[in-house]
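Comments concern the structure below.
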Amino acid sequence: MDETPRVQATEPGFEQPRLTVIIVNHESWPDVLDLTGSLEAQPEFSSGRCEIVVVDNASRGALPEAVTVGRVGHQIIFRPDNGGFAAGVNAGWRVVQSPWLLVLNPDVNVASGFLGQVFKQLDRYETNANRNSPPGIVGFGLMNPDGSPQGSVGIFPNLARTIREQFIPRSRRKYQPGWRIHSGPVDWVTGACMLVNARMIADLGGMDEDFFLYHEEVAFSREAQNHGWRVEYDSSVTVTHRNPLQNRPISPMMRVITRHSKLLYFLKHLPRWQFESLAAIMAAEAVIKGRWSKLRGSREETQAWETIALITRSLRAGSGPRGTEVLALAQQVSSESDRSDAGTAFPARRGSTCKDASRPPGRMRVLAARTVQERDSQIR
């Protein structure tokens, strides 16, 4: 049973929220405050038709003075650990009752009238003609800060496509080019600006928390379609996404996380031979690039490739890290501490699925805490 304390989101005279905006935060409070400020200025929020839930994945340090807890229309959930994007979305979903969820990255800008556009689409989904078959997931359009379109829609990965992607620029590997994207049914949409039908996420039992970061939205879209729900793209509603991964250099630590997510997706959602083939390719890549990094004297790069090799071996053996275990491994890449235990085996697992996300969230709390000491003492 979910016993997470809740902050009242409505008061007499306000409507029951029809839409909940979920923002998953880790060390991005300034971005969160900018985004929530933009949302609060819109009439859909002030009328109570929209509420905001911020899920903080164990950010360090004191809360900014501007962060207040317990205001009407707001909930802040402080998780005791950084469980990743899927865990954050699930934490927000568990404490609300709105029929629709809108997942937004902290680093997006929304224009005046944005929520009005979203509600217009909700009206369309809930008309008599569409009431019995609304979409499960809708991805809205993403724009770069210069006003150009940003990739936000993709085709489900497979082995041939993954190999072919290595011969095109990284910024274009994961997403479909803009000229090929049209509003309507798609394979999957990015989680940076994603509308979610609450009935659909309940049907799935939440997002798959085995993915720490990246490919969780791909797996989410696939599971939704496996359960009979539609996934759509809608270019009529847009936000500006300031700092997507494909537009910036990838660190050794992030390389560990993204390689794990790709392998885990293949393991869970594709035929075994495709997973084994990709794992063999990644194992060879880890050996070759690891040796090259060692020759160049790049300690963190060398450690990253050694960790990727370890993850590959463990997943092929039927064990392997999941969720926060992936973060712990990736953080060792950037640590100065001794890594003599890097070969530690992972416990065997029996086919974890996204239904595992329905487990109670444990010691997660909605708190009114100003300092990290106050927050941590209340969590304990």
Worksheet item: For Ile77, all conditions in the list (1) touching a Ser or Thr at 6+ places or on another chain (Cβ under 8 Å); (2) on the phi > 0 side of the Ramachandran plot hold save one; what is the number of the exception?
Response: (2)
Fill in: Which listed residue is in contact with a helix residue (DSSP H, G or I) (Cβ under 6 Å, 6 or more places away or on another chain) and part of a loop (DSSP other than H, G, I, E, B), from Pro135, Pro157, Pro106
Pro106
Worksheet item: Quick check, is Leu115 crowded, with 22+ Cβ neighbours inside 10 Å, in a strand (DSSP E or B) and at pLDDT 95 or above?
Response: no
Worksheet item: Only one residue in Leu63, Leu101, Leu35 is touching a helix residue (DSSP H, G or I) at 6+ places or on another chain (Cβ under 8 Å) and under 21 Å from Met194 (Cβ atoms), so which one is that?
Response: Leu101
Item to complete: Would you confirm whether any residue within the range 123-135 is more than 29 Å from Glu325 (Cα to Cα) and surrounded by 22 or more Cβ atoms within 10 Å (Cβ to Cβ)?
Response: no
Fill in: Conditions (1) farther than 17 Å from Pro149 by Cβ; (2) out of contact with any helix residue (DSSP H, G or I) (no Cβ under 6 Å at 6 or more places or on another chain); (3) touching a residue at least 24 places away in the same chain (Cβ under 8 Å): number failed by Ser235
(1)
Practice prompt. Could you list all residues from the range 205-230 that are aromatic (Phe, Trp, Tyr) and not in a loop (DSSP other than H, G, I, E, B)?
Written response: Phe220
Worksheet item: Among the residues of the range 234-241, is any among the hydrophobic types (A, V, I, L, M, F, W, C), over 15 Å from the mean Cα position of the chain (by Cα) and assigned by TED's automatic domain parsing to the domain that holds Pro99?
Response: yes
Discussion item. Yes or no: the range 53-74 includes at least one residue that is within 25 Å of Glu126 (Cβ to Cβ), modelled with pLDDT of 90 or more and of a type outside the set (S, T, N, Q).
Written reply: yes
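Residue-wise test of (1) buried (at least 18 other Cβ atoms within 10 Å of the Cβ); (2) more than 20 Å from Leu159 (Cα to Cα); (3) small (Gly, Ala, Ser).
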| position | (1), (2), (3) |
| --- | --- |
| His215 | yes, no, no |
| Ser236 | no, yes, yes |
| Pro252 | yes, yes, no |
| Arg255 | yes, no, no |
Worksheet entry | Count of residues meeting criterion [in a loop (DSSP other than H, G, I, E, B) and farther than 21 Å from Ala87 by Cα] in the range 13-56 | 11
Worksheet item: Within the range 99-158, restricting attention to residues that are out of contact with any Asp or Glu (no Cβ under 7 Å at 6 or more places or on another chain) and among the acidic types (Asp, Glu), which residue is nearest to Gly37 (Cα to Cα)?
Response: Asp146
Discussion item. Among the residues that make up the range 331-340, is at least one of them at pLDDT below 95, assigned to a helix (DSSP H, G or I) and in contact with a Pro (Cβ under 6 Å, 6 or more places away or on another chain)?
Written reply: yes
Worksheet item: List pairs: first in the range 316-341 and closer than 22 Å to Ala284 by Cα and surrounded by 21 or more Cβ atoms within 10 Å (Cβ to Cβ), second at pLDDT 90 or above and of a type in the set (Lys, Arg), Cβ under 9 Å, 6+ apart or cross-chain?
Response: Gly320/Arg313; Ala330/Arg255; Val333/Arg255
Worksheet item: Any idea which residue in the range 73-103 is surrounded by the most Cβ atoms within 10 Å (Cβ to Cβ), counting only those that are of a type in the set (Val, Ile, Thr), outside any strand (DSSP E or B) and over 13 Å from the mean Cα position of the chain (by Cα)?
Response: Val95
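The values are calculated or read from the model by the stated rules, or taken from the named source; none is laboratory data. All of these numbers come straight from a predicted model, not from anything done at the bench. Cβ sites come from the backbone with ideal geometry, for glycine too, and all protein chains shown count toward neighbours.
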